[in-house]
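For reference, the structure is listed below as structure tokens.
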Amino acid sequence: MENTWRSGFRTQREEVHDVALDVEGRLPEWLEGVFVNNGPGQFEVGETPLQHWFDALAMLRGFRIEDGSVRYTNRFVRSDDFRVAREQGRVRRSLPGTPADGSAFERLYRALSGAFQDNPSIGVVRLDGTLYAVTESPIGFEIDPKTLETTGQRDLTTGLNSDITLGHTHAEDGVQWGLSASFGNESSYTLFRRTGDCDATPVSRLVFDNHPPYVHAFALTEHYAVVPEAPFGVDFRRLLLGTLRGATFLDAVGPREAPPRFHVLDRSTGERVAATRADPFFVYHFANAYEDGDAVVVDCVAYSDSTAITGLTLSNLRRDDPDLPRGDFVQFRLPLDGGDAEHRRLLRGPVEFPTIHYSRYNGRRYRYAYLAATDYGALPTAIAKVDLDGPTTVRWSEPDLHPGEPIFVPAPSPETEDDGVLLSVALDGHADRSVLLCFDAETVTELARAPLPHRLPYGFHGQFYGATDRGRSMA
């Protein structure tokens with residue numbers, strides 16, 4: 001089998017601006033707005049090859065859709081990490097799998113001073129009309145949505161006694177809900193809310209020791225926030241001791257003594273109303289969560305062990321026979337009055353990047369979820385639509401094509417939950433170029449595609465901002 005996924009982990013240095021793409025097929029007349037996707041762009045710094053998928057320097061991809069046409073722009077985020085990498089050819093701050101350049105004592109000083117990398121490669125978030133590129137960092141970089149130029153930065157921890165905020169947030173009626181984190185002998189995760197351009201307001205705090213769980217995202221229901229506690233995480237004492245010899249985040253990932261749990265926090269009072277035990281799991285991404293009587297239902301992609309993190313090294317992912325961590329699409333039922341979580345598998349993995357009709361159904365009972373599924377290799381090979389009311393799963397795939405996260409965009413005044421389209425940026429590994437895909441969300445049949453002028457590394461998360469979806473497209 002041809003290795004068509006390796007090019008998804010290869011640098012693309014070319015930046016283009018406002019290029020008209022040829023559209024094959026027909027985009028819906030109502031589809032109008034900006035689709036901004038974030039993810040890796042560069043996999044080496046100077047002579048140093050980066051080691052982990054999450055280490056790569058961030059590149060934004062932007063698509064302006066109007067009157068059936070598409071104009072495309074891509075641009076690296078001008079973070080301090082990017083500036084030092086390009087101008088000095090060195091790794092400025094330790095990345096998840098690649099240590100910072102410099103002497104052992106320089107690395108130790110940075111670790112003791114709490115200096116974090118600022119490479120914003122996870123996704124984008126819009127606050128008070130301003131677009132930011134974000135990651136697990138204290139800093140968000142302000143982005144011009146038309147040109148994708150970096151125009152400023154913002155401290156996202158203002159109002160919080162925290163080291164970083166997480167890249168995945170929720171938006172609801174103009175209010176942003178997020179998690180921040182502090183690390184040390186006493187580590188913690190803080191649930192916060194933020195309105196417009198105001199400082200963040202802490203709502204609830206979960207306290208751990210110097211070996212906290214690694215949390216990447218959380219779920220939101222009408223009354224609760226659900227925070228996962230995996231049975232492994234980063235031992236910060238071990239990380240600090242290993243800094244002198246160039247240890248990284250990955251080197252400090254290990255099992256914890258605490259049991260795996262879901263913490264259910266009251267969004268109004270901040271009270272923890274349940275800490276529900278579950279079989280060992282780790283979650284990068286949630287599809288949705290909602291309340292069902294005396295329980296909370298949580299749908300997510302769940303992994304069974306820490307290879308979900310440690311298995312995403314670039315050397316593994318580029319192989320002809322990669323050992324890909326398998327995440328299944330799983331539903332947990334969390335009783336609020338005591339007892340352990342029950343769970344059932346909704347779709348066998350490897351699957352990732354679950355999305356829904358977010359603007360209308362996030363935090364509420366819903367029917368459809370969309371995921372990127374992998375049948376072989378290291379990157380997704382199909383789009384899967386799961387009907388939670390039945391065993392039906394609809395799939396789309398095409399040889400040599402690796403589709404990215406499927407973003408749902410609702411039609412004007414949608415008559416059904418799946419009345420809309422899916423947008424996905426795919427890698428054509430055989431043709432060595434990328435393509436924007438548009439699907440009918442009901443049938444998962446292709447409506448249109450727009451080939452790009454070059455190949456992009458496989459991306460992470462995007463948001464669509466348009467007339468029918470003014471807020472957030474996914475968690």
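The values are calculated or read from the model by the stated rules, or taken from the named source; none is laboratory data. Small disclaimer: the values here were computed from a predicted structure and weren't measured. Here Cβ is always computed from backbone atoms with ideal geometry, including for glycine, and neighbour counts include all displayed protein chains. Each accessible area value is taken on the protein alone, full model and side chains, heavy atoms only, with ligands, DNA and RNA left out. Shrake-Rupley method; radii C 1.70, N 1.55, O 1.52, S 1.80 Å.
Some observations on this one:
- Of the residues in the range 297-314, at least one is over 20 Å from Pro260 (Cβ atoms) and either hydrophobic (A, V, I, L, M, F, W, C) or at pLDDT below 95 (or both).
- For Arg126, the conditions (1) under 19 Å from the mean Cα position of the chain (by Cα); (2) of a type outside the set (S, T, N, Q); (3) crowded, with 21+ Cβ neighbours inside 10 Å all hold with the exception of (3).
- Condition check for Leu21: out of contact with any Phe, Trp or Tyr (no Cβ under 9 Å at 6 or more places or on another chain), in contact (Cβ under 8 Å) with a residue 40 or more places away in the chain and either among the hydroxyl-bearing types (Ser, Thr, Tyr) or surrounded by 14 or more Cβ atoms within 10 Å (Cβ to Cβ) (or both): no
- Restricting Phe262, Phe286 to residues that are aromatic (Phe, Trp, Tyr), under 23 Å from Arg348 (Cα atoms) and open to solvent by less than 10 Å² (accessible area, probe 1.4 Å) narrows the list to Phe262.
- Of all residues in the range 291-302, one or more are touching a strand residue (DSSP E or B) at 6+ places or on another chain (Cβ under 8 Å) and in a loop (DSSP other than H, G, I, E, B).
- Count of the range 215-273 residues which are among the basic types (Lys, Arg) and either closer than 24 Å to Glu342 by Cβ or touching a Cys at 6+ places or on another chain (Cβ under 6 Å) (or both): 4
- The criterion of at least 2 residues that are of a type outside the set (A, V, I, L, M), buried (at least 18 other Cβ atoms within 10 Å of the Cβ) and out of contact with any strand residue (DSSP E or B) (no Cβ under 6 Å at 6 or more places or on another chain) is met, among strands (runs of 3 or more DSSP E) falling completely within the range 29-101, by 33-42.
- Of all residues in the range 240-269, those satisfying the criterion of being under 13 Å from Ser94 (Cβ atoms) and under 24 Å from the mean Cα position of the chain (by Cα) are Thr248, Phe249, Leu250, Asp251, Ala252.
- Within the range 179-189, being buried (at least 19 other Cβ atoms within 10 Å of the Cβ), over 18 Å from the mean Cα position of the chain (by Cα) and not aromatic (Phe, Trp, Tyr) holds for Ser182, Ser187.
- Matching entry among Gln153, Gln176 (being open to solvent by 30 Å² or more (accessible area, probe 1.4 Å), over 26 Å from Gln331 (Cβ atoms), touching a strand residue (DSSP E or B) at 6+ places or on another chain (Cβ under 7 Å) and in a strand (DSSP E or B)): Gln153
- Residues that are of a type in the set (D, E, K, R) and out of contact with any His (no Cβ under 6 Å at 6 or more places or on another chain) within the range 378-404 comprise Lys385, Asp387, Asp389, Arg395, Glu398, listed in sequence order.
- Selection status of Ala225, surrounded by 19 or more Cβ atoms within 10 Å (Cβ to Cβ) and closer than 20 Å to Val283 by Cβ: yes
- Screening the range 192-203 for residues that are surrounded by 20 or more Cβ atoms within 10 Å (Cβ to Cβ) and within 13 Å of Asn161 (Cβ to Cβ) and picking the one that is farthest from the chain's Cα centre (by Cα) gives Ala200.
- Of all residues making up the range 364-397, the number that are in contact with a Phe, Trp or Tyr (Cβ under 8 Å, 6 or more places away or on another chain), assigned to a loop (DSSP other than H, G, I, E, B) and either surrounded by 21 or more Cβ atoms within 10 Å (Cβ to Cβ) or hydroxyl-bearing (Ser, Thr, Tyr) (or both): 5
- Restricting the range 427-442 to residues that are more than 26 Å from Phe9 (Cβ to Cβ) and in contact with a strand residue (DSSP E or B) (Cβ under 7 Å, 6 or more places away or on another chain), the residue that is surrounded by the most Cβ atoms within 10 Å (Cβ to Cβ): Ala441
- Search result, residues across the range 404-417 that are among the acidic types (Asp, Glu) and either open to solvent by less than 10 Å² (accessible area, probe 1.4 Å) or within 22 Å of the chain's Cα centre (by Cα) (or both): Glu405
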